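Trainee: Quick one: this structure, given as structure tokens, is what I'll be asking you about.
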Amino acid sequence: LFPSVDKTCVIEQWTVTNVGEEAAVVEVEGIDLRDEDTGVYGDYVLRTYLVPSSPAAMLKPGGVLDFAVLFLAHVMPPLTLVDDVPAEHRAREERVREVANPLRLETPDPVLDRAFRLAKFRAAESIFETAMGNVHSPGGGSYYGGVWANDQAEYAGPFFPFLGDPLANAASLNAYRIFASAMTDDFTQNIPSSFEVEGDVRIHAGGDRGDAAMVAYGAARFALALGDLAVARELMSAVDWCLEYCRRKTNAHGVVESDTDELEGRFPTGKANLSTSTLAYGGLRSGADLARALGDAAKADEYGRRADALEQAIEDYFGARVEGFETYRYYDGNTTLRSWIALPLTMGILRRKAGTIAALFSPRLWAPDGLATEAGDNVFWDRATLYALRGVFAAGETETALRYLAAYSRRRLLGEHVPYPVEAYPEGGQAHLSAESALFCRVITEGLFGITPTGLRSFRWTPRLPDGWPAMYLRGVRAFGRVFDLSVERHAAADILLMARVDGRDVWDNHGLEGSTFTVTLP
């Protein structure tokens with residue numbers, strides 16, 4: 001059972017084998033079913049048919065009859081029916097190789113490796129041809145033909161350069177361009193939270209969700225990791241706009257205000273929430289790196305100073321003792337633990353890491369499916385859990401992060417609702433939205449392997465090799481305009497050996513204590 005690579009068709013291949021001791025006649029009743037309706041672009045047809053149309057054969061013992069059932073959907077007038085099933089299967093196998101071969105994870109944990117492999121597919125295959133051009137969409141049975149500031153700009157875009165799939169990279173760049181088209185010169189209107197129905201409908205769900213902060217962070221990370229100078233110059237303008245918008249939304253306490261967050265008012269957020277300010281902080285840090293990569297030292301310094309100020313403001317405004325833990329309140333007046341207290345860890349803000357990690361994995365927040373959105377509630381969203389796991393790795397708590405990542409991976413890959421990360425529960429019935437799989441992959445690339453883009457050819461590398469693991473590898477990384485392998489091997493009791501290889505030759509190597517940070521510049 002597989003989809004066509006380039007046609008609106010799903011194919012079932014059937015094989016009937018005579019396992020008896022006598023010859024037998026096998027006939028398959030022909031199928032040609034049509035269902036028609038009228039939609040946005042005219043008359044739609046769903047068609048189910050067989051190839052060949054009425055398969056039949058005299059099968060000797062061991063003999064085989066092959067046929068296929070095809071499910072085709074199109075807009076009238078009819079497209080040519082798909083009839084070369086072997087060619088479709090070959091094209092599908094080639095597409096699988098295009099996604100499977102790059103960015104291969106090799107660790108001592110086969111469940112983690114397989115979960116990562118499948119998450120790559122779920123992330124990369126949710127791409128649709130629309131009136132806006134090719135776009136990556138969440139999917140999951142509900143969300144198609146649109147782009148969202150969180151799912152596409154913040155979650156998925158920064159991952160795709162590491163996978164290096166041309167279609168996924170192009171769809172991500174298109175999403176940033178779509179959001180840039182709504183950026184006004186006077187900064188009086190926040191950008192939409194999403195462009196839906198192939199771009200015909202602009203949605204401001206929950207008002208301003210901090211969407212400019214989402215796009216600033218995501219676009220800067222994408223541009224750095226892609227390593228394309230022309231794209232970097234283009235997206236710098238969008239990053240600048242978003243960061244200026246955030247500056248104008250900064251209140252007297254120095255934090256960035258927004259109406260809601262990515263949950264669009266499902267839970268209270270106050271006038272300023274931790275998510276929006278932390279994402280703006282991440283946008284400033286990566287925006288500074290992007291400006292520096294483009295030779296604008298003055299802008300890089302300005303963004304760096306603003307990031308320093310915002311980091312202190314986050315501590316002063318959100319830092320608090322909540323339910324007995326020295327962590328963060330999510331907004332002014334918040335008295336219950338919230339899952340997004342993990343966000344500062346993800347961005348490298350570690351002042352409250354001990355209390356925050358203790359709170360995250362306390363019975364108040366952690367449950368078998370991951371983090372509850374709010375302590376005492378059964379609602380969970382995987383995006384928060386995946387950010388938290390990445391953040392705990394970034395905080396250097398490798399064994400804790402791995403223990404919970406392994407449990408999460410087993411539940412998602414081998415449990416009751418498999419095999420991908422999900423969106424939420426009870427809302428959506430744990431739909432397998434695509435960008436959550438990209439977030440899972442980023443737990444590996446940015447968390448376990450500790451890769452932070454800092455330039456068009458450079459990254460900061462803080463790998464976290466767990467105790468008991470002799471080595472871990474990322475093969476075929478496609479970021480920074482290069483194809484390279486990364487290896488992390490145990491060199492001594494507390495020492496690790498790191499190597500980067502391009503085209504089969506070592507281009508960088510170093511060693512140091514586990515938890516050390518290295519700067520890698522690729523040739």
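Trainee: How many residues are more than 13 Å from residue 260 (Cα to Cα) and touching a residue at least 24 places away in the same chain (Cβ under 8 Å) when one looks only at segment 178-191?
Mentor: From segment 178-191, those more than 13 Å from residue 260 (Cα to Cα) are 178-189, 191; that's our starting set.
Next, from what is left, pick out any that are touching a residue at least 24 places away in the same chain (Cβ under 8 Å): 178-180, 183, 187, 191.
Total satisfying the criteria: 6.
Trainee: Among all residue pairs at least 6 apart or on different chains, which show Cβ distances below 6 Å where the first residue, located in segment 401-430, is at pLDDT below 95 and the second is assigned to a loop (DSSP other than H, G, I, E, B)?
Mentor: 417/430
Trainee: Right, here's the next one. Just to be sure before I move on: is residue 391 in contact (Cβ under 8 Å) with a residue 24 or more places away in the chain, buried (at least 17 other Cβ atoms within 10 Å of the Cβ) and within 22 Å of residue 217 (Cβ to Cβ) in the structure I sent?
Mentor: On the way: in contact (Cβ under 8 Å) with a residue 24 or more places away in the chain: yes; buried (at least 17 other Cβ atoms within 10 Å of the Cβ): yes; within 22 Å of residue 217 (Cβ to Cβ): yes.
So residue 391 fits the description; yes.
Trainee: Take the conditions modelled with pLDDT of 95 or more and open to solvent by 10 Å² or more (accessible area, probe 1.4 Å) and apply them to residue 100. Does it pass?
Mentor: Details: modelled with pLDDT of 95 or more: yes; open to solvent by 10 Å² or more (accessible area, probe 1.4 Å): yes.
Yes; evaluated as a whole, the condition is true for this residue.
Trainee: A follow-up question, please. Would you check if residue 82 is at pLDDT below 95, part of a loop (DSSP other than H, G, I, E, B) and open to solvent by less than 30 Å² (accessible area, probe 1.4 Å)? Talk me through it step by step, then tell me what you get.
Mentor: Values: at pLDDT below 95: yes; part of a loop (DSSP other than H, G, I, E, B): yes; open to solvent by less than 30 Å² (accessible area, probe 1.4 Å): yes.
It is true that residue 82 is at pLDDT below 95, part of a loop (DSSP other than H, G, I, E, B) and open to solvent by less than 30 Å² (accessible area, probe 1.4 Å).
Trainee: Separate question: For segment 124-177, how many residues are among the hydrophobic types (A, V, I, L, M, F, W, C), in contact with a helix residue (DSSP H, G or I) (Cβ under 9 Å, 6 or more places away or on another chain) and in a loop (DSSP other than H, G, I, E, B)?
Mentor: Adding up the residues that qualify gives 2.
Trainee: Which of the numbered conditions does residue 88 fail, given that it passes all the others? Conditions: (1) of a type outside the set (Phe, Trp, Tyr); (2) surrounded by 15 or more Cβ atoms within 10 Å (Cβ to Cβ); (3) in contact with a Gly (Cβ under 7 Å, 6 or more places away or on another chain); (4) not in a strand (DSSP E or B).
Mentor: Of (1) of a type outside the set (Phe, Trp, Tyr); (2) surrounded by 15 or more Cβ atoms within 10 Å (Cβ to Cβ); (3) in contact with a Gly (Cβ under 7 Å, 6 or more places away or on another chain); (4) not in a strand (DSSP E or B), only one is false for residue 88: (3).
Trainee: Residues that are open to solvent by 90 Å² or more (accessible area, probe 1.4 Å), at least 2 per element: which strands (runs of 3 or more DSSP E) completely within segment 4-52 meet that?
Mentor: Per the criteria, 24-27, 32-39.
Trainee: Of all the residues that make up segment 480-512, how many are over 29 Å from the mean Cα position of the chain (by Cα), surrounded by fewer than 14 Cβ atoms within 10 Å (Cβ to Cβ) and either small (Gly, Ala, Ser) or in a loop (DSSP other than H, G, I, E, B) (or both)?
Mentor: Of the residues in segment 480-512, 3 are over 29 Å from the mean Cα position of the chain (by Cα), surrounded by fewer than 14 Cβ atoms within 10 Å (Cβ to Cβ) and either small (Gly, Ala, Ser) or in a loop (DSSP other than H, G, I, E, B) (or both).
Trainee: Separate question: Only one of 424, 435 is closer than 20 Å to residue 153 by Cα, buried (at least 24 other Cβ atoms within 10 Å of the Cβ) and of a type in the set (Gly, Ala, Ser); which? Give the steps one after another, and end with the answer.
Mentor: Working: 424 fails: buried (at least 24 other Cβ atoms within 10 Å of the Cβ).
When all the criteria are applied, what remains is 435.
Trainee: Test residue 280 against the criterion of being in contact with a His (Cβ under 8 Å, 6 or more places away or on another chain), under 16 Å from residue 344 (Cβ atoms), of a type in the set (Gly, Ala, Ser) and crowded, with 17+ Cβ neighbours inside 10 Å, and give yes or no. Outline the logic, then answer.
Mentor: Values: in contact with a His (Cβ under 8 Å, 6 or more places away or on another chain): no; under 16 Å from residue 344 (Cβ atoms): yes; of a type in the set (Gly, Ala, Ser): yes; crowded, with 17+ Cβ neighbours inside 10 Å: yes.
Against the criterion (in contact with a His (Cβ under 8 Å, 6 or more places away or on another chain), under 16 Å from residue 344 (Cβ atoms), of a type in the set (Gly, Ala, Ser) and crowded, with 17+ Cβ neighbours inside 10 Å), residue 280 does not qualify.
Trainee: Would you check if residue 221 is within 19 Å of the chain's Cα centre (by Cα) and open to solvent by 10 Å² or more (accessible area, probe 1.4 Å)? Break it down stepwise before answering.
Mentor: On the way: within 19 Å of the chain's Cα centre (by Cα): yes; open to solvent by 10 Å² or more (accessible area, probe 1.4 Å): yes.
Yes, satisfied.
Trainee: While we're here: From the list 455, 447, 515, which residue is of a type outside the set (Val, Ile, Thr), at positive phi and open to solvent by less than 40 Å² (accessible area, probe 1.4 Å)? So that I can check it myself, show each step before the final result.
Mentor: Working: 455 fails: at positive phi; 447 fails: at positive phi.
Result of the check over 455, 447, 515: 515.
The values are calculated or read from the model by the stated rules, or taken from the named source; none is laboratory data. Please read these numbers as outputs of a predicted model, since none were measured by experiment. Note that we place each Cβ from the backbone using ideal geometry, even for glycine, and neighbour counts take in every protein chain shown. Note: areas computed on protein heavy atoms with side chains; ligands, DNA, RNA excluded. Shrake-Rupley method; radii C 1.70, N 1.55, O 1.52, S 1.80 Å.
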